[in-house]
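Okay, so here's the structure we're looking at.
The values are calculated or read from the model by the stated rules, or taken from the named source; none is laboratory data. Predicted model, so just to flag it, every value in this text is computed and none were measured. Reconstructed Cβ throughout: ideal geometry from the backbone, glycine too, with neighbour counts over all protein chains shown.
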Amino acid sequence: GPAFKALDYESLTNKQRADESLLIGDAYYGLIEPLTQIHHYRLDFSMNSKLLSFWKDSVNEVLKKKLIHKSVLIDLSSEEYSQLLDPESLSITIIRPTFLNSGKLVSFHAKRARGLMARFLIENPQKKVEDFNLEGYLHVGNYVFTKD
């Protein structure tokens, strides 16, 4: 989809950082790492409301282990996958950027922007979320990014 195309994993100069810091939510496999081999299928949380309750505990347990020495999680997942996160059990600050185009949330552009931000943070570990500026996005406060 648009997020993964914008991430463009194959062209990353810091694949090791991506492999160590990026987790991908998957409706069939749960949380997976970038190089996890999966079979092609079509399933998402909107197709089956039971998937959310099925994965929620497992996803948060994996995140607790992965984030044990971290203080912040940058959630670039879709709204459906974001519902899996339990901030209280994770005891961590969760940053969930919002991407607007001409003041509106446009699904395709927001998906692409999430992939671009993942790429930006992987390639620029010294930068902060607020520094994201690819393809004309500007931080306007409270982790909202906009472009005209």
For D8, state whether it is modelled with pLDDT of 95 or more and either within 29 Å of L134 (Cα to Cα) or hydrophobic (A, V, I, L, M, F, W, C) (or both).
-> yes
Could you give every pair whose Cβ atoms fall below 8 Å, whose first residue belongs to segment 52-81 and is surrounded by 12 or more Cβ atoms within 10 Å (Cβ to Cβ), and whose second residue is among the acidic types (D, E) and part of a helix (DSSP H, G or I), counting only separations of at least 6 or pairs across chains?
-> L52/E80
Within segment 11-45, which residues are under 18 Å from M117 (Cβ atoms) and of a type outside the set (A, V, I, L, M, F, W, C)?
-> S11, T13, N14, K15, R17, D19, E20, S21, G25, P34
State all residues of segment 22-43 that are out of contact with any strand residue (DSSP E or B) (no Cβ under 9 Å at 6 or more places or on another chain), at pLDDT below 95 and within 25 Å of K64 (Cα to Cα); if no residue qualifies, say none.
-> A27, Y28, Y29, G30, L35, Q37
Can you give me the number of residues within segment 21-51 that are under 14 Å from the mean Cα position of the chain (by Cα) and surrounded by fewer than 15 Cβ atoms within 10 Å (Cβ to Cβ)?
-> 1
Selection over segment 90-148 where residues are in contact (Cβ under 8 Å) with a residue 40 or more places away in the chain, in a strand (DSSP E or B), β-branched (V, I, T) and touching a helix residue (DSSP H, G or I) at 6+ places or on another chain (Cβ under 7 Å) yields a count of 1
Restricting attention to segment 1-57, report how many residues are within 28 Å of E123 (Cβ to Cβ) and of a type in the set (S, T, N, Q).
-> 7
